[in-house]
Amino acid sequence: MGLISSIKIAKRALTRRKTKNFSAILAIALGVTLMVGIQITTDTLENAFLTSLLIREGEVDIRFSNGTGGFLSAADESNISALVPDALAIMSELQSSGPAMIGSQFEPSVSMAGIPLDYNEAFGNFYDWDTGEVMDISTYLADNSSVLLSSSLAEDMDINKSTELPINLTTEFTSITIVPKLNESTGFPILNETTGFPILELQITEERVILSITEIFDSRRPGIGASYRGVLFSLDAYQDWMSLQDPLRNKDIIGAYLITYQTDHFSTPIDETVLQEKFDALEERLPVKMVNDQEVNVYAIDSSRLLYIGLIDLIFGLMSSFLNVLGLLIIITGILLITNVQLMSVEDREFQTGVLRAVGEKRGGIFRSMLFETLFQGIFGGIFGLVGGLIFGQLVALYLVSLFGSGSASVQPLVKESVVIFSVIVGVILGMLTGLLPALRASRVNIVEALRGIKITFEEKSSRNLAFIGVLLSFLGIFFFLNNGIINRNLQYIWLTSGWDNISEWENILLGAGFLFTGLGIVLSRYISRTKAFNLTSIVLWGTPVFMFVVAMGSGWITDMSGSSLNILIIAIIEIVIGSVMLVGMNLPYIMRFLRSTLIKIPGVKGVAQVAPALISSHKTRSTLTFAIFAVVLTLNVTVASLVATNIDSTVGQSEEDSRGIDLYVQLSDPEYNLANTSYTTELYRIDSAITDVIGMKTFKPGSTDYTRYVATKNPFSPDFNPQSNLLPLGFGELRSDQILGDAQNATDDEDWRFDFYMYNLPDGVRPTSIDLGASDEVLLDQSKRAWDKFFDPEYRMTAYNITLDLENFDISNFGGFTASTLEEVDPILDINGSEVQYPIVFTDSFLLPLGMPIWIPFNTSQFGFPVYQPFTIGGSFDSDRAGGWPLSRSMQTEGFSSGSFSGTLGTVYFPERFSSYTDFFGMADELSPDKREPDQFDTYLIKTTYPFDSPAIEDVAQSIEDFTNTKDSGYRKLIGDEFMVATATSLYSKLEASLEMMEQMTNFLQIYVNFGLIIGAVGMAVISVRNVAERKREIGMMRAIGFPRYQVMTAALLELMVLGFIGLIIGVVNGLFVNVGFSNMLDVPVVIPWGTIGAYLSFITFIGLLAGAIPGWVASRIPAAEALRYVG
Amino acid sequence: MFHSNDSEVILKIEGLHKRYNEGKSNEVHALRGIDLEVKKGDMMAIMGPSGCGKTTLLNMIGHLDKNSGGEIHISKIDTNKLSDGQQTAFRRDNIGFIFQLFNLFPFLSAVENVETPLLLQGYNSGIAREQAKMLLRDLGMGDRLYHSPMELSGGQQQRVAVARALITDPAIILGDEPTGDLDSTTSAEVITLFRRINKMNKQTFVLVTHNRWIAEKCDYIVHMIDGKISNMEMGPFKEEK
C-alpha cells in the first residue's frame, strides 16, 4: 500500500480514536506550552530590565561633551552637526544636580536640566502626568523661576495628580563671585603693594532659590520626558542659574549636545551594532587640539544606550543562564510526557497493527501511517501549545508585575516571533521523534502474537550493536577520568588525594563515572540481567554526585571551589535525577511486591492490592516515565525551596553574630559640616547613652553622567581603551585604620580591634594556597585582619594579574568576583623588563571586580577637570555574609535594579585614607570642587549600641537620630544653620528584613518558574490517567466480571497514579535535599528542610492524583462489563 | 417456557429483552423475550448462528450488562432488584465466568489470577494462595503456577480460567465459547474437565458454543435464532463414532 493509503489509515486512526488522539495532542501541547511559556517569561524579564533603562535614554543615541572638561558653547553646535551629517536631530542640554525641598520633603540630590524650548521634535514629546496629553513646555517655562517636575520625583516627594499647582520648590545654586579681600580687623580691602589695586579672591556661597513648579510631566512614559527624572528648566533659565558658578557670569554654557539618528526608539529600537559602528567611526574623526604638547580630543562622546545595553546583557546573562538550566530541566518533563503518551499508543494498538499486517500492509506502510498520525498530532499540539504558552506567558508576566512592581522596571509580556516559531517547530519535531520509536516498534510487531493479544516484551539481553555503544561510552568515561592529571596537567591524578579537592576535578569525576558506568551497564546487560546491570549504572550515577555533595563538600575534601560551579551543578543534578529514576524504575517490581504484601492485609482493598501494583510493574517503562516527570520537577522544586529556606534561616541566625556589634547605620544626604566645636559623631553620642561606638566613614557615588569619576577597568592611556566597555560607575569609599583597627597596631593585636571586618578574597601574602571552605570564623578573622594590615601598609604593593573585564566577554560561569580565587592559574602582568607589575591595593564589594585585577581610579577630578588615573590592584573583596561586608554591601538586595541606582547596584571600591587627598570628593585636591571635604567630614556612620541586635529599642535610637537631624530649625540643622541636610538611620535588623523580603520575591519568582513543570506534570498525570483507563477497558471488564466492586475498580486506577506520584515526590524530595546539602556545604551554612513546602507538594500530588485518577476511574467503573470485555483497542 | 426436569430450579428467566442503542436510529433488539429454566446440576449448551443473542443472554445472566425488560431469578433471588454493588457481590459469590479469549489478567501469574476472586471475598492472602494452588494442581497445572498467561498455551490458559471460575465454588458457571480458541484435542480435554466438575460438584454449566460436538457433551441444547429460543434438544446425545 502506498503513501495515500498510509495517510488514509492515519486519518481514520485520528478520527476514530478521538480521546486517545486528544490526549497525545494535549501532551504535545503541554510540552510546547512549557517551551513557549518559559521563553516568554525569560524574554519578558530581560525586556523589562532593558525597557526600563531604554525608556530613560529617550531618543538620545550619542552625547557630545567637552573633551577637556568644562562646558561647550553655542558655537560648538555647527561643528558637531558637521561631524554627524547622518544625524536626524541635535539638541543642546545643560544638566547638573542639586538639593530640592518641597514642603517638608527633602531630596539631597535631584537631577536638574535645562533644554531649549524649541528642541527638535525628533527627541519626542512631554506628556502631562494628569491628563496624558502632549505638553507644550514653552507655556509652562515662561521665566527662570518656573520649572517642570517629573512624575517620578513627584511620587518621591509625596505629590499626587490631584495636588494643586503651582507649588514651591526650594533649591540651592553655587554662586562664585570675585570680591576684594578684606582686612579681618579693619574690614577694608587689602591693596596690592605693587599695583595699589585691591587684592581679589573668590567667594563661594550657596544661593537658595525658590522656584515654582508649574506642571508635572510623565517620566515613565516613553518620550523625552522619560530622560528627565528630576526638575526641568528652559535652557536659558538654567544657564542663568548655572552661570552663578562663573565669576564672569558667562551664560553661553552648554553641558552636552545630544544626537539622535532616528525617532521613536522605544517602538523601533535602533540596531545596537549599527550604533556601535557609528560611534566607533565618529570617535575616529573627532577633531583634536594640542594641550601641553599633547593631542587631546576637542569633544568627548559617549552613548549610555550602548553602555546600558552592555550592562543589561551582562547582568541578565548571569540570571538567564540560571533560568535556562532550570527551564531545560523542566522542558525534559514535557519530553517525558510526550514520549510516555506515544509509547502508550503503540502498546494499545498492537492488535490493529497485527490486523493491518495480516491484510497485507507492509512494515513501511505501518511506519508511515504512524508517522503521519504523529505529524498531525504534532501540528495540532504545536498550535494548541502556542496558545497555551501565550496564555501562560501572559499570566506569568502579570505575576512578575505584582512581584517587581510597575515602577521604572515595569513588566510587559514580550513575545518574540522567532521564539514562538522555534518552540512550535521543536514541539512538532519532538512529537514526531517521540512517535518514531513507537512507530518502529509498531512496524515490527509479530503478526501472530499481536493478533493473539500477546504483548510485546523487550529482549532481556542487549544486542551486539548496543553493547558496542556501551564500549564507546565506557571509553568516553575513561577519557574524562584521564583528563585529570594526564590530559590536563593543571589537574591532579584521580588516584591522589589532591585529585579530589577541586571543582574542576570533580567535573571530570562526575562525567567520567557517569559515562563509564552507563557504558559498563550496557555491556554487562548482554551477559547478565538488565536489572542487575543497570542497577550498577544507576547507583553510580546517583551515588557519585550525592557523595560529592555530602561527603566531599561536607567534610572539606573540596578545598578549591574556583571553577565552573554552574557546570558542576547542572551535571550533578542531571546525574542525580537520571540515576534515581533509573534505580527506582529498574527495581519497580520489588517495590510493587512490597506494596502488594502490605496492602493485601487491609480488608476491602485486597483486590486492589492484587491488581494495581502488578499493573505498575508490568508496564515498567511507562510507569517509570510517569514518576520520572514528577521526580525531575520535584527535584527542582525542592532544591529551590530548601535552598531559600536554608539561606533565609542562615541569614537570620548568623546576623547577630555577623554584625559584630553594629546595630544601625546612618547616612547623611551630604557630608557633615566641618564645625568648630563639635562633629556629627559627637552629637550622635549625645543622642542616646546606649550608643557605645560611632564609626564615621566617607562614601561617594558618581552621578549618572559623571564619567570623569568612573572606575576604568583597562589602562585609560592604552590605545585599546574603550570608554563604553571599560568604564564602570562604581561607588567609592574611604576606610581608615582607626575605623577598623581602633587602638590596635596590627593583626596580632587581637584585643583592641574596633570592628571585625571579614574579607572573602585575600591579597598576596595572606591568601592561602587552597581555599578551605570549612575554615572556622577565628581562622577567617585572622586572615582578614592580616589582609587589613596589607591594606593600610603604605609600602605594600600587590601584583596585578592578567585579568581583564570587558562587559562583552564577562566570564559568567565564574560569576566575576563572586568566586573565591587562589589566582593559581593566572599569570601576573609583566612590564617591559619582565618584572611583575605591582600596584597599591583597594578592596571591593563589587561582583564585577575579580581578585588580582588592575583598575584605574580617577584622582584629582572635578566637574571641570580631566581625571588623573591611578592604578590599583583589587586586593580583596568583602565577605558579604559577615561583618563589614554585610551592612555595607547590601544595596543590591534592598534597592535592586528598579531603583535605577547603578553605582549602588554595581558595588563600591574602597581605598585607604592616604589616597583621599588625591581626590576632590574625599579630600581637597581641587579647592573649587563643590564635593571637596575636610578629613573628618563623614557621611556614613556605623553605630554600636548596648541593645541586642533585634531589640525594638534600636528603632527608637534610629528615630531619635532622624529627629535630631531632620527637624526644621532644631537639632543638627540648627547647629549647621542649614535645612538642606537629611539623615537616614537604618537598623541592621530592618535592613535584614528588607533583604529577606527581596530574597523572598526572587524566590517566589523562581518557585513560579519551577512550578511550570509541576503544573505540566499534573496535567500530564491526568492525560496518562485518561489514557490508562481508556486502554485498560478490557481489564476493567475482566475485573468487573470476576466480582470487583466499582469502588475497587476506581481505587485501583487511583492507587496506580498516587503510587507513581508519591514515588516521584519521594525521589524529588530526597534528591532536592541532597542537592541542598551540597549547596549548604558550599556556602558553609546549616541545612534547613522546608517541611512546609514539602507538605504542600505532598498535598498537591495527593490532590492531583485523586483528581486525575478519580474522574477517569469513576467513568471506567460505570462502563458495563460486557461492553468493556468487547474492547479490543 | 423451556425447562429441563423437575429438580430444583437454579436459574429462571422470564420475558427477557435486551435492546442496544435504545431509542436511537441504530437500535438493535438483541433479545426478544427469553423464557428459560435451568435446574441445579444441569449442563446446558446454547447454540445458534452469529448475532442471534447467545453471548448477550449469557451477559444478562451474569449481570455483566443491564437488560431492557424481563426477570432473572438465580437461586430464587430476583437479581434485577439487586443494587449494582449487590449484583457484583452476587456475581462474585455465585457465578463463574469462562471466556473464549480466557480474559486472564496478563500482568498476574496463573496462581494470582486464580486467587483474585477469593481475595475479593476477603480471604486471607495465604489461604487464598493455598486454595488456588490446590485447584490448579487438581487441574494439572501444578508446574505452571507462577507462569504468566503469555507463557501458557491456549489450553493451559483455559484451565487457569476454569480454576478462576471454580475457586469460589459458584452455583452457576457461564462459558462463552470456552473452547472457541482451542484446537480439537484441547477442546475435548476442556469439555471433559467441565463434565467431571459438573458431575462431582453438582455445579450448573451454561455454555455458549458453535460446536455441535461440544454441545452434545451437555445434558441439553437450547437453540436460538434472532434473539429468541427456537427449540430445545434433550440429551443424552449419541457418542461420536
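The values are calculated or read from the model by the stated rules, or taken from the named source; none is laboratory data. This structure is a prediction, so every number in the text was calculated from the model and none was measured. Here the Cβ positions follow ideal geometry from the backbone for every residue, glycine too, while neighbour counts run over all protein chains shown. Note: accessible area is taken over every heavy atom of the protein model, side chains too, but ligands, DNA and RNA are not part of it. Shrake-Rupley method; radii C 1.70, N 1.55, O 1.52, S 1.80 Å.
List of remarks:
- Output for region B:218-241, where each listed residue is surrounded by 12 or more Cβ atoms within 10 Å (Cβ to Cβ), modelled with pLDDT of 85 or more and not aliphatic (A, V, I, L, M): B:Cys218, B:Asp219, B:Tyr220, B:His223, B:Asp226, B:Gly227, B:Lys228, B:Ser230, B:Glu233
- Residues in region A:988-1007 that are at pLDDT 75 or above and open to solvent by 50 Å² or more (accessible area, probe 1.4 Å): A:Tyr989 alone.
- Given (1) crowded, with 18+ Cβ neighbours inside 10 Å; (2) modelled with pLDDT under 85; (3) away from every other protein chain (no Cβ under 14 Å), index of the condition A:Asn567 fails: (1)
- Region A:273-292, residues that are among the hydrophobic types (A, V, I, L, M, F, W, C) and either out of contact with any Phe, Trp or Tyr (no Cβ under 8 Å at 6 or more places or on another chain) or loosely packed, with under 12 Cβ neighbours inside 10 Å (or both): A:Val274, A:Phe279, A:Ala281, A:Leu282, A:Val288, A:Met290, A:Val291
- For A:Ser821, the criteria (1) under 32 Å from the mean Cα position of the chain (by Cα); (2) at pLDDT below 85; (3) surrounded by fewer than 19 Cβ atoms within 10 Å (Cβ to Cβ); (4) outside any helix (DSSP H, G or I) hold in every case but one, which is (3).
- Among residues of region A:122-138, those that are in contact (Cβ under 8 Å) with a residue 24 or more places away in the chain and open to solvent by 80 Å² or more (accessible area, probe 1.4 Å), counted: 1
- Whichever residue in region B:129-154 is under 23 Å from the mean Cα position of the chain (by Cα) and open to solvent by 50 Å² or more (accessible area, probe 1.4 Å) and, among such residues, is nearest to the other protein chains (Cβ to nearest Cβ): B:Met150
Residues checked against (1) aromatic (Phe, Trp, Tyr); (2) more than 32 Å from the chain's Cα centre (by Cα):
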site	(1), (2)
A:Ile1067	no, no
A:Phe1074	yes, no
A:Ile1119	no, yes
A:Ala1122	no, yes
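- The criterion of at least 1 residues that are open to solvent by 30 Å² or more (accessible area, probe 1.4 Å) is met by the following strands (runs of 3 or more DSSP E) wholly inside region A:189-266: A:200-217.
- Some residue of region B:108-117 being assigned to a helix (DSSP H, G or I), surrounded by 18 or more Cβ atoms within 10 Å (Cβ to Cβ), facing chain A (nearest Cβ under 7 Å) and not hydroxyl-bearing (Ser, Thr, Tyr): yes
- Some residue of region A:1008-1017 being farther than 30 Å from A:Leu337 by Cα, open to solvent by 20 Å² or more (accessible area, probe 1.4 Å) and not acidic (Asp, Glu): no
- Identity of the residue in region B:61-100, in a helix (DSSP H, G or I), open to solvent by 30 Å² or more (accessible area, probe 1.4 Å) and basic (Lys, Arg), that ends up farthest from the other protein chains (Cβ to nearest Cβ): B:Lys81
- Residue in region A:1009-1032 that is closer than 30 Å to B:His63 by Cβ, aliphatic (A, V, I, L, M) and within 14 Å of chain B (Cβ to nearest Cβ) present: no
- When A:Thr537 is tested against (1) hydroxyl-bearing (Ser, Thr, Tyr); (2) closer than 18 Å to A:Asn1071 by Cα; (3) open to solvent by 20 Å² or more (accessible area, probe 1.4 Å), just one condition goes unmet, and that condition is (3).
- Checking A:Leu141, A:Leu94 one by one, the residue that is under 30 Å from A:Pro723 (Cα atoms) and in contact (Cβ under 8 Å) with a residue 24 or more places away in the chain is A:Leu94 and no other.
- Residue in region A:1019-1026 that is open to solvent by 10 Å² or more (accessible area, probe 1.4 Å), in contact (Cβ under 8 Å) with a residue 60 or more places away in the chain and within 30 Å of A:Ile503 (Cβ to Cβ) present: no
- Exactly one residue among A:Ser92, A:Ser109, A:Ser81, A:Ser96 is closer than 17 Å to A:Asn144 by Cα and either surrounded by 20 or more Cβ atoms within 10 Å (Cβ to Cβ) or among the small types (Gly, Ala, Ser) (or both), and that residue is A:Ser96.
- Leading residue by the ranking (surrounded by the fewest Cβ atoms within 10 Å (Cβ to Cβ)) among those in region A:572-630 that are in a loop (DSSP other than H, G, I, E, B) and at the interface with chain B (Cβ under 10 Å from one of its Cβ atoms): A:Pro603
- Conditions (1) more than 37 Å from the chain's Cα centre (by Cα); (2) part of a loop (DSSP other than H, G, I, E, B): number failed by A:Ser78: (2)
- Here B:Gly126 fulfils each of the conditions (1) more than 11 Å from chain A (Cβ to nearest Cβ); (2) without any contact (Cβ under 8 Å) to a residue 24 or more places away in the chain; (3) small (Gly, Ala, Ser) apart from (1).
- Residue list for region B:194-216, restricted to those being over 17 Å from B:Ile98 (Cα atoms) and crowded, with 17+ Cβ neighbours inside 10 Å: B:Glu216
- Selection status of B:Leu136, in contact with a Gly (Cβ under 7 Å, 6 or more places away or on another chain), at pLDDT 90 or above and within 23 Å of B:Phe194 (Cα to Cα): yes
- Scan of region A:158-180 for residues that are in contact with an Asp or Glu (Cβ under 9 Å, 6 or more places away or on another chain) and in a loop (DSSP other than H, G, I, E, B), ordered by number: A:Lys161, A:Ser162, A:Leu165, A:Pro166
- Residues in region A:175-188 that are β-branched (Val, Ile, Thr) and open to solvent by 90 Å² or more (accessible area, probe 1.4 Å): none.
- Qualifying residue in region A:1035-1051 (condition: buried (at least 24 other Cβ atoms within 10 Å of the Cβ) and more than 14 Å from every other protein chain (Cβ to nearest Cβ)): no
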